Amino acid sequence: MTQTGDGQKNAHPLRLTNTLSGSKQIFVPRDPNRVTMYVCGPTVYNYAHLGNARSAVVFDLLYRILRHSYGRVLYARNFTDVDDKINAEAVRTGQPISAITDRFISAYHADMAALGVLRPDFEPRVTEHLSDIIALIDRLLEAGHAYQAAGHVLFHVPSFAEYGRLSGRSREDVIAGARVEVAPFKRDPADFVLWKPSSDDAPGWESPWGRGRPGWHIECSAMTEHCLGLPIDLHGGGQDLIFPHHENEIAQSVSVRNGAAYCDFWVHNGFVTVDGRKMSKSLGNVVLAHDLLERHDGQAIRLALLSAHYRQPLDWSDKLLTGSGRALSRLKRLLADTVAPDDGDAVEAISHNPVVLALEDDLNTPLALSALFGIARKLRHTDPGEKRSRLRHELVAALSLLGLDLESDGLEIRRHGINATHDAVVADMVAQRDAARRRKDYEEADRLRATLRAQGVVLDDTTHGTRWWKSM
């Protein structure tokens, strides 16, 4: 049984496929009153593509299920705002990297809100955690798991005996995969960079090893520890991150803590293809969520992204999106046709809802959606009365857990952004204000605060960003 946040027992425990074990296991957090989850977020040099959006939606759904089962869940999802692509764009345009990353973080917030994605509790940025990163690298050096060479600091992979366990790669596989880019200063072909020097025209920060910037893998290890503490219960991301990114995270974070655990459950979502072909720039078939939201309801996009099991590939097509839009339209009409005068305040327990039971079995969204439409069919053919009211409540509760808010329209949110009473727009304005504060544009930050206050939005500026809520 699963212990819920209110002390009750859930007779149907959550089962998840743990990449670390390669099997489906019952999810058991270390502290049922404080479940911790970290998910690798986007690198913010462009708008989010469908792969980014699928990961955000999948782990938003898992976040909702965990909150349903346990109550209190601390969720962190980072922004990588230091990257060679960002640096190149900054050099090309003559802008500071913050101007680029602030713009795309703001767009990401708005786009994900239109897809029904809740804001995590923490959204750390690499540039805000450089002191944590430098301190972690220093600890790895002191422990003998890292070394300096040619202005770089590298993690020495042979110092960690369990390297390759997450990805199932042997020592030979790891070396074979690294040979193409082996630098002459590496002690071992599999060693990876923790800190690298920056040229004079590239962004960089002072460190004990000279001016430079962090390697990709060390960033998440440092931000996870800072935001959530270690060990954490669950770490998520796309399938492409299993190796080398997550493998390297484990090596760093376990080594620096003398073998103590870093994370118990690893969950990864599958790739997105487009009309049966891999999404790539070379094929010209990269689909941006931002562009889709200019033309389609965000709820329909979310439903389409949930249509395949999260661990399987999702093949995106116009047919899939059209079918999802039609299905949502039918559900909206059904809810409008079956509303009763006393429906507004009713709350239905959903512990035994078939949609919930399907989601608790490794987030089985195909089965959950089948159950959802099964409830809808029953509701459609049930006469007014207590049974119909119960079925309607059951349907509404299931839709809410799936993050499908049929009261809103993601397309209209995008078109009419002046309506600051909607969560998506509020979240975007809060993000814009945060960006203005970081660039010290206090006049713009104050203007946005005043606009939000007029809409009944209360702001709380914390060290981890701005929290907000509505006072009316």
Other-chain or far-sequence residues with amide H under 5 Å of T43's (modelled H): T80
Solvent accessible area, Å² - L357, 1.4 Å probe, full protein context: 60 Å²
For the stretch 237-282: accessible area per residue (Å², 1.4 Å): 39 Å²
Rounded if a/c under 1.5, otherwise prolate or oblate - the stretch 61-176, Cα gyration tensor axes: oblate
Rh by Kirkwood over Cα pairs, then Stokes-Einstein D for the stretch 139-211 at 1.567 mPa s and 4 °C, µm²/s: 96 µm²/s
Size of the stretch 242-294 as Cα extents on the principal axes (Å, biggest first): 48, 23, 15
Ranking by accessible area, most exposed first, for L141, L130 with a 1.4 Å probe: L141, L130
Helical segments meeting 20 Å axial Cα length and Kyte-Doolittle 1.6 threshold in the chain (DSSP H): none
Tensor-based shape of the stretch 169-244 (alpha-carbon gyration tensor, a/c under 1.5 rounded, otherwise prolate or oblate): oblate
Stokes-Einstein diffusion coefficient of the stretch 1-131, Kirkwood radius over Cα pairs, 37 °C, 0.692 mPa s, in µm²/s: 198 µm²/s
Amide H contacts under 5 Å for S207, placed H, 5+ residues apart: G212
Helical mean residue ellipticity (222 nm; -39500 (n - 2.57) per DSSP H run of 4+; nearest 500) of the chain: -13000 deg cm²/dmol
Under Karplus coefficients 6.51, -1.76 and 1.60, residue-wise ³J(HN,Hα) of the stretch 269-274 in Hz, glycine/proline x: 9, x, 6, 10, 10, 10
Leading residue at positive end of dipole, the chain (Cβ point charges), from H296, A176, L118: H296
Cα gyration tensor, the stretch 132-178 - rounded (a/c under 1.5), prolate or oblate: prolate
Inter-probe distance in nm under a simple model that places probes 7 Å from Cα toward Cβ, at A260 and R277: 5.1 nm
Relative packing of 312-324, 146-158, 225-237, 197-209, which averages over residues the other C-beta atoms within 10 Å, highest first: 225-237, 146-158, 312-324, 197-209
Stokes-Einstein D (µm²/s) once Rh is taken as the Kirkwood radius of the stretch 292-338 over alpha-carbon pairs, at 37 °C in 0.692 mPa s: 288 µm²/s
Long-range HN-HN contacts of L74 with modeled amide H, under 5 Å: V35, T36, M37
Karplus-derived HN-Hα couplings along the stretch 153-162 (A = 6.51, B = -1.76, C = 1.60, θ = phi - 60°), whole Hz, x at Gly and Pro: 10, 10, 7, 8, 4, x, 6, 10, 5, 8
Long-range lysine pairs (8 or more apart or interchain), the chain, Cα under 22 Å: 10
Over the stretch 185-327: Kirkwood hydrodynamic radius from C-alpha pairwise inverse distances, Å: 18.5 Å
Cα lying deepest toward the dipole's positive end in the chain, options Y163, A90, P32, charges on Cβ: P32
With every protein chain in place, the chain: carbon and sulfur % of accessible area (1.4 Å): 49 percent
Radius, Kirkwood style, for the chain when every pair of distinct Cα atoms is counted (Å): 23.8 Å
Taking the chain and dividing mean pair separation by its residue count, relative contact order in percent (alpha carbons under 8 Å, at least six apart): 17 percent
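The values are calculated or read from the model by the stated rules, or taken from the named source; none is laboratory data. Note that the structure is predicted; figures quoted are calculated from it, not measured. Ideal geometry is used to build each Cβ from the backbone, glycine not excepted, and the neighbour counts take in all protein chains shown. When the accessible area is computed, the model is the full protein with side chains, heavy atoms only, and any ligands, DNA or RNA have been set aside. Shrake-Rupley method; radii C 1.70, N 1.55, O 1.52, S 1.80 Å.
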